[in-house]
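Just so it is clear, none of the values below were taken in a lab; they were calculated from the coordinates. If you're wondering where the values come from, they're calculated on a predicted model, not measured in any experiment. Positions of Cβ are backbone-derived with ideal geometry, glycine not excepted, and every protein chain shown enters the neighbour counts.
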Amino acid sequence: MQKRSSVYLPLRYRPYNFPASFPVLAFLGDYWVNGVSVPEFLHFHNGIEIGRCLGGSGRICCGETESYPYSAGDYSILFPQIPHIAVNGSEPGIWEYLYVEPRLFLQEDGNDCDTLWQFFYIPQKLPVIIRKEQYPLLHFYISRIFQEFHEKKTMYRRMVHGLFVALCAEMNRLTLTGHTESSSTENLASAHFYIRTALTYIYEHYSEAISIRELSARCCISESHFRRLFRQVVGISPLEYIQHYRIRRACHLIYLNQEPINIIAQQTGFRSLSSFNRQFRQYMHNSPTGYRREHLHEPMRNEVLSYEDSATRHIFQI
């Protein structure tokens, strides 16, 4: 990972409509070429982005300070809601992409899978670039997933599902063993159990008033202990996470352009329009009204309007 100088970059929201029956989109072939040498903005998705670099080199910028170099043969994994953009190096990067809606994709099986999806909504210090020599299992699972989509043999969807569950399990292991400063894997696993209980409640009730005391009570631990565990696992305070999640949900509603801003503020759990405006500007570097105006009037560069429409496939350049 490399540190970039802190430069203000606007944020864009790029959502996808995932099929309910199989919530995965595969953009394969040589259509997907990085068209950016200097980033003008960052964008984030409503699903996981898994990339396969077929050629070229460059870097993936995450947030305003971090960047990760890539080259041919590398894979990338970017969680939902993580602002990023791929930037060219000496040669344009050529990619294939998979997008997955983790909650829909994993909940159907029940058991452990019904909570695995929460992992993707916890800010983690996990690898963005996956190289075979560093993460052989992650590299293997992702390469097999891409292979299944290319070949589309009988039962390929079931194969993709199984491989994706294995990929999630391995990333969870890395979180618990190789990417933390915790003194005990068992203690960290316990912390994740408590925090995921809280996250489930936040996702289902973000439009309502949520108190930290209520969240800690649902996890059956003290409020002070809950705050410590939450910051340990997530990296920010519970209140910060709730506000960030509400703003991300608001971005989706603004993108749909079906409700006034004041109604969207209410729908995402803000008690006043002024509070919503303040939090939105702090996170998105723009007002809700300005954000809506940009999405309505700017050309939709770098966006797939319809994957089945040959007239728009070629403009998907990130």
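Taking 18 Å as the cut-off, the amide N atoms of the range 254-276 that come nearer than this to a point 7 Å along the Cα-to-beta-carbon line of His205 belong to 267-271. Sites listed here are GluC sites (Glu not before Pro) in the range 114-177 whose DSSP assignment is loop and whose Cβ has at most 16 other Cβ atoms within 10 Å: Glu133. Within the range 17-82, the GluC sites (Glu not before Pro) that combine a DSSP coil assignment with at most 13 other C-beta atoms in a 10 angstrom radius are Glu40.
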